[in-house]
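Novice: The structure's right below; bear with me while I get my questions together.
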Amino acid sequence: MPTPDFPDLPAGFRFGTATAAYQIEGAAAEGGRTPSIWDTYCRTPGKVARGETGDVACDHYHRYPEDIALLKELGVQDYRFSTAWPRIRPGGSGPANPEGLDFYDRVVDALLAAGIDPVVTLYHWDLPQELEDAGGWRSRATAERFAEYARITADRLGDRVTRWITLNEPTCTAFVGYAVGRHAPGAREGTPALAAAHHLLLAHGLAARELRASAAARGGTAEVGITLNLDRLLPATGSAADRAAVDRAETLHNRVWLDPLLRGTYPANEAETWGELADGSYRRDGDLDVIGQPLDFLGINFYRPVVLRDAPHDEPDPRRRTAVDIRTEEVRIEGVRHTTMDWPVVPAALTDLLVDLDERYDLPPVYITENGSAEDDRVGPDGVVHDTDRIAYLRDHIAATAAAAEKGVDVRGHFVWSLLDNFEWAYGYDRRFGIVRVDYDTLERTPKDSYRWFRELIRRHAERHGGAAS
Ligand code: IFM
């Protein structure tokens with residue numbers, strides 16, 4: 001059966017869009033903000049395409065009223081954005097920065113005035129540089145500083161923000177940042193990257209306590225979640241070796257987070273995955289209790305499935321191995337469209353991932369906190385991007401979420417990545433994920449066809465299930 005143009009989601013389902021501070025805000029040296037690891041990384045020759053930086057980005061710091069007007073016109077119920085740690089607590093420790101807090105205060109008020117619920121992510125990769133200089137996520141102290149920053153932010157915004165996401169995609173922080181070296185801080189390490197993963201989990205747990213304590217102190221409650229980019233991993237063949245490769249990758253990508261968070265245990269096959277790199281030296285008694293406190297929701301970012309086969313180690317010398325060298329190799333999925341990230345488009349993999357996770361874990365309510373595609377956008381003679389491929393991608397993935405809901409997964413919302421074209425990390429600005437085009441010369445925003453399609457989906461959903469579109 002062909003996917004309907006406008007998939008039907010359950011009553012009460014919420015639609016949103018997502019962004020992140022460093023990718024859109026700009027104003028990198030304004031309002032008391034200090035450098036993060038991404039400011040440093042962008043200035044390191046050869047790290048980011050064309051030497052681009054987030055200095056200006058979409059200039060959302062100054063143009064947020066215009067962006068919130070676009071959200072209002074779109075009709076979304078939710079908007080997910082991140083606060084910048086180096087804007088709220090410059091340098092990562094010490095006093096809070098009133099100007100930074102005032103900025104987010106204005107954003108939250110403007111969203112609420114537009115009838116949109118803010119969903120705040122506290123960490124979307126912009127670690128204050130001073131904390132990296134002191135060890136970064138390899139160090140337990142960073143988790144403690146993070147909890148303090150969470151409390152400062154919740155004490156200021158928690159009277160209006162009720163849904164909090166502690167971390168975005170800790171896999172990218174721990175492994176792309178400290179083992180692959182393609183994200184800030186650009187390290188290629190073994191055990192320290194595993195320590196970073198553990199400290200990120202601890203940071204989540206400590207911050208969750210603070211968020212709840214802040215809400216309780218004002219007689220309210222906070223809904224606390226974490227966003228993981230969970231991979232749908234498939235073996236290239238049915239061989240035992242390829243299935244074992246997927247098992248190791250499941251631990252690297254998914255179980256390293258899900259097992260401590262949802263089962264209160266470390267993954268059983270750590271030794272098979274990492275050998276002596278996983279020496280546990282960075283763990284302390286009681287950490288699992290902090291990490292495993294109940295989640296109010298789980299955020300899942302999904303873009304594509306990954307097919308893997310068994311492979312030898314990249315690095316023969318065990319002392320020089322990184323934490324991502326787990327004897328696997330990615331195999332290209334043929335016969336499907338690939339986006340400009342070269343990511344295969346396989347929407348059914350999202351349904352399969354959700355159903356499989358639901359069978360394996362006792363899941364809290366789920367939100368798809370990011371999903372979208374980078375496309376080769378062309379501005380037509382009418383000045384508009386007619387992004388039919390992006391519309392098809394979004395339609396089919398939202399339909400895949402609907403299919404998971406039909407199969408019994410408690411999935412409550414779907415956030416499109418992203419509202420705006422923005423700074424795509426090591427790729428710089430030429431990978432465009434937005435449903436609104438940003439002209440980086442003039443900073444003019446122009447909604448694409450996908451924006452109008454998403455607005456119509458939201459409108460029809462409201463019509464079908466009662467209630468206003470926002
Ligand atoms: O742009 C990123 C975002 O910051 C985190 N999730 C994936 C997106 C697309 O690569």
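FYI, it's all coordinate maths here, none of it is from the lab. Since this is a predicted model, take the numbers as computed values, not measurements. Reconstructed Cβ throughout: ideal geometry from the backbone, glycine too, with neighbour counts over all protein chains shown.
Novice: Could you give the dipole magnitude of the chain about its Cα centre, charging the beta-carbon of Lys and Arg +1 and that of Asp and Glu -1, in debye to the nearest 20? List each step's numbers first, then the result.
Specialist: Working: 54 positive and 75 negative charges, 94 e Å.
In total the dipole reaches around 460 debye.
Novice: Same structure, new question: Quick check: pseudo-label points 7 Å beyond the Cα along Cα→Cβ at Arg464 and Arg263, how many nm apart are they?
Specialist: So the two model labels end up 3.6 nm from each other.
Novice: Rounded, prolate or oblate: which fits segment 296-378 when a ≥ b ≥ c are the square roots of the eigenvalues of the alpha-carbon gyration tensor, with rounded for a/c under 1.5 and prolate only if a/b beats b/c?
Specialist: Oblate, because a/c is 1.5 or more while a/b does not exceed b/c.
Novice: Step through the residues of segment 255-263 one at a time and calculate ³J(HN,Hα) from phi using the Karplus curve (6.51 cos²θ - 1.76 cosθ + 1.60, θ = phi - 60°), rounding each to whole Hz and writing x for Gly and Pro.
Specialist: Karplus values, whole Hz, x for Gly and Pro: 5, 4, 9, 5, 5, x, 6, 10, 10.
Novice: Is the shape of segment 235-300 rounded, prolate or oblate, going by the alpha carbon gyration tensor and its root eigenvalues a ≥ b ≥ c, with a/c under 1.5 for rounded and a/b larger than b/c for prolate?
Specialist: Numbers: a/c = 3.47, a/b = 1.48, b/c = 2.34.
It is oblate, given that a/c is not under 1.5 and a/b is not larger than b/c.
Novice: Can you list residues whose amide H is under 5 Å from Glu169's amide H, if they're 5+ apart or on another chain and H is modeled 1.01 Å from N?
Specialist: Those qualifying (amide H under 5 Å, at least 5 residues apart or on another chain) are Thr227, Leu228, Asn229.
Novice: Between Val119 and residues 5 or more places away or on another chain, which pairs have amide H atoms under 5 Å apart, with H built 1.01 Å from N, and which residues are they?
Specialist: Tyr79, Arg80, Phe81
Novice: Can you list the lysines whose alpha carbon is less than 25 Å from that of Lys72, not counting same-chain residues fewer than 8 positions off?
Specialist: Lys448
Novice: Moving on to the next point. What is the spin-label model distance, in nm, from Ala348 to Ser239 if the labels are put 7 Å beyond Cα along the C-beta direction?
Specialist: For Ala348 paired with Ser239, the spin-label model returns 2.5 nm.
Novice: A further question on this structure: Treat every Asp and Glu Cβ in segment 237-338 as -1 and every Lys and Arg Cβ as +1, leave all other atoms uncharged, and give the resulting dipole magnitude about the Cα centre to the nearest 20 debye. Let's see the in-between values first.
Specialist: Numbers: 14 positive and 20 negative charges, 60 e Å.
Charge dipole, segment 237-338, about its Cα centre: 280 debye, nearest 20.
Novice: Calculate for the chain the 222 nm mean residue ellipticity that helices alone would give, adding -39,500 (n - 2.57) per DSSP H run of length 4 or more and normalising by residue count, nearest 500 deg cm²/dmol.
Specialist: On the way: 14 runs with 165 residues, N = 470.
About -11000 deg cm²/dmol.
Novice: May I ask which residue of Thr251, Gly264, Ala349 lies farthest towards the positive end of the charge dipole of segment 241-355, with charges of +1 (Lys, Arg) and -1 (Asp, Glu) on Cβ and the Cα centre as origin?
Specialist: Ala349
Novice: Assign unit charges at the C-beta atoms only (+1 for Lys and Arg, -1 for Asp and Glu), then state the dipole size of segment 144-277 relative to its Cα centre in Debye, rounded to the nearest 20. Provide the component values of the computation, followed by the final result.
Specialist: Numbers: 15 positive and 16 negative charges, 98 e Å.
The dipole magnitude comes to about 460 debye.
Novice: Shifting gears a bit: Residue by residue through segment 412-428, what is 3J(HN,Hα) from phi via Karplus (6.51 cos²θ - 1.76 cosθ + 1.60, θ = phi - 60°)? Round to whole Hz and write x for glycine and proline.
Specialist: Values per residue, Gly and Pro as x: 9, x, 9, 9, 7, 9, 9, 4, 10, 4, 7, 6, 9, 6, 4, 7, x Hz.
Novice: Would you pull out the residues with amide H under 5 Å of Leu308's amide H, same chain only if 5 or more places away, H placed 1.01 Å from N?
Specialist: Excluding prolines and chain starts, which carry no amide H, the hits are Leu234, Ala236, Val331.
Novice: In addition: I'd like the Karplus ³J(HN,Hα) series for segment 351-358: coefficients 6.51, -1.76, 1.60, θ = phi - 60°, whole numbers in Hz, and an x wherever there's a Gly or Pro.
Specialist: Whole-Hz 3J(HN,Hα) from phi for segment 351-358: 4, 4, 4, 5, 5, 5, 4, 5.
Novice: If you don't mind, there's one more thing I want to ask. How far is the Cα center of segment 238-286 from the Cα center of segment 23-102, in Å?
Specialist: Between the Cα centres of segment 238-286 and segment 23-102 lies a distance of 34 Å.
Novice: If you take the square roots of the eigenvalues of the alpha-carbon gyration tensor of segment 325-470 and sort them as a ≥ b ≥ c, do you get rounded (a/c under 1.5), prolate (a/b over b/c) or oblate? Intermediate values should be presented prior to the final figure.
Specialist: Details: a/c = 2.05, a/b = 1.19, b/c = 1.73.
It comes out oblate by the Cα gyration axes.
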